[in-house]
1. Test each condition in (1) modelled with pLDDT of 85 or more; (2) within 16 Å of the chain's Cα centre (by Cα); (3) surrounded by fewer than 23 Cβ atoms within 10 Å (Cβ to Cβ); (4) not acidic (Asp, Glu) for residue 399 and report the one that comes out false.
2. What's the total number of residues in segment 274-301 that are open to solvent by 30 Å² or more (accessible area, probe 1.4 Å), closer than 13 Å to residue 320 by Cα and at pLDDT below 85?
3. I need the full set of residues from segment 309-338 which are touching a strand residue (DSSP E or B) at 6+ places or on another chain (Cβ under 9 Å), modelled with pLDDT under 90 and more than 13 Å from residue 426 (Cβ to Cβ), in order please.
4. Can you find even one residue in segment 18-34 that is of a type in the set (Ser, Thr, Tyr), farther than 30 Å from residue 126 by Cβ and at pLDDT below 85?
5. Do we find a residue being free of Cβ contacts under 8 Å to residues at least 12 places away in the same chain and open to solvent by 60 Å² or more (accessible area, probe 1.4 Å) anywhere in segment 37-49?
6. Of all residues in segment 404-431, which are among the hydrophobic types (A, V, I, L, M, F, W, C) and modelled with pLDDT under 85?
7. Being closer than 30 Å to residue 28 by Cβ and acidic (Asp, Glu) narrows it down to one residue among 86, 63; which is it?
8. Show the residue pairs meeting these rules: Cβ distance below 9 Å; 6+ apart or different chains; first residue within segment 19-33 and closer than 17 Å to residue 46 by Cα; second residue open to solvent by less than 50 Å² (accessible area, probe 1.4 Å) and at pLDDT below 85.
Amino acid sequence: MLGYTWKAATALTIFDIVEDEREIVQASLGRILGQSLVFVGERKFRHRSKAPLDVEVVAAAVELKGELAIKMVARDIGARKLAEAEQDRLREAVTHAASQWRHTFDAIASPILVLDGELRILRLNAAARDYLQSDFGTLLHSRLPTVPALWLNAGTLASAALLRQEPQELRACDSQGRHMQVIATPRDGNHVVLLIHDVTDLHDLQESLRHSEMMSAMGALVAGVAHEVRNPLFSISALVETLELKFGFGPEQATYIDRLRGELDRLNRLMNDLLTYGRATAREKSAGDLVPLVHTALDLNGQLLRQRQVGVSFNFAGTTTTYCDEGRLVDALRNLIENGAHHSPAGSAIEIALSQQAGIIALSVRDHGPGFSGEALERAFEPFYSRRNGGTGLGLSIVERVALDHGGSVKAENHPGGGGMVTLTLPWQAG
């Protein structure tokens, strides 16, 4: 971290390493030694090249060979500092995107309304407010049958769209005798968007902005929370090690310490999954073959497969090249294989099939476990929903986010021959 050889480092003093003035460092060391304090905080260290380093430090007084000494654990947090700066930039971008979305929504000249399953108005633009000759406060949460004659027909249209889960269209006259085209488009199973006139392109822009805003905000929030939680987890781990060195633990205490370490490992796995889920949308993509990426993901799961005594059958055919961020795609493949391994009984094998047809690449992972329940099929990609004890519930959510970021999709189902199967589809890249 500091850039010195071991021999050169042993000739250094703490004053050669820490950026603070000598008096400040000396006073801090004196307090730790004199009062047996445990110091946890951030400091500036000095690299051999004289460049400053951002470092997180845990320091405590310990007894070493009959003498009082200071044990210090330091971790370079320069990457975290850069990540925090990136999070600030992302938050600013999300705020700007939200403002742009609101201005765009209100700037559309044709009325747009968003309804819930009871045909209550959840959102409307300024053009819809003006068209209905009312104010936002009155219109929000009111039901369509309470407004002009056209909206009685529009209410029937919206109900049909929700029931059939497909767009519905009609032409009708409003109360002023004007001919209007109304398109009712269901969204998220229990919502419908009403468009007056043909504003399909503008609606797609609005939906794209809303989706981008939501995903960026969720990613920034999740990554920010994970970074913040990892810091105290690191401190707790270091304190446990320090306490063990200072006091030692008998068999009775060791049981509790082992349990504490197990919980810390579990929380660290959750933080890693949160960071992967919250990672920003892929920006740099290139043509990549999925076959070596699958092998990489299998290598990453090698220990788990051996522990679970689960084998692997991998079959592929045709050209399997797609335009992708290889690192993020390996994250998705690793989670697919891990999910299959956890739900496969010992002695069985997960089956991975990779094929290309009709302009897409399909990669399926099938296990030989009990398969998905009805609830699991509905909630498989919901963040924090897990079918097994100890799971973070983010594995398939990560797969879904990576798939969407690459213009693909993911589907969970039960295989006719038994077991669960998850299929990831991606656009095919010729050549």
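1. Going through the list (1) modelled with pLDDT of 85 or more; (2) within 16 Å of the chain's Cα centre (by Cα); (3) surrounded by fewer than 23 Cβ atoms within 10 Å (Cβ to Cβ); (4) not acidic (Asp, Glu), residue 399 breaks only (3).
2. Going through segment 274-301 one residue at a time, the tally reaches 1.
3. The answer is 316, 317, 318.
4. Within segment 18-34, one or more residues are of a type in the set (Ser, Thr, Tyr), farther than 30 Å from residue 126 by Cβ and at pLDDT below 85.
5. no
6. 404, 428, 430, listed by residue number.
7. Only one candidate passes the filter, namely 63.
8. 20/28
The values are calculated or read from the model by the stated rules, or taken from the named source; none is laboratory data. Computed from a predicted structure; not experimentally measured. Neighbour counts are summed over all protein chains in view; Cβ atoms, including those assigned to glycine, are modelled from backbone coordinates with ideal geometry. Surface areas here come from the heavy atoms of the whole protein model, side chains and all, with no ligands, DNA or RNA. Shrake-Rupley method; radii C 1.70, N 1.55, O 1.52, S 1.80 Å.
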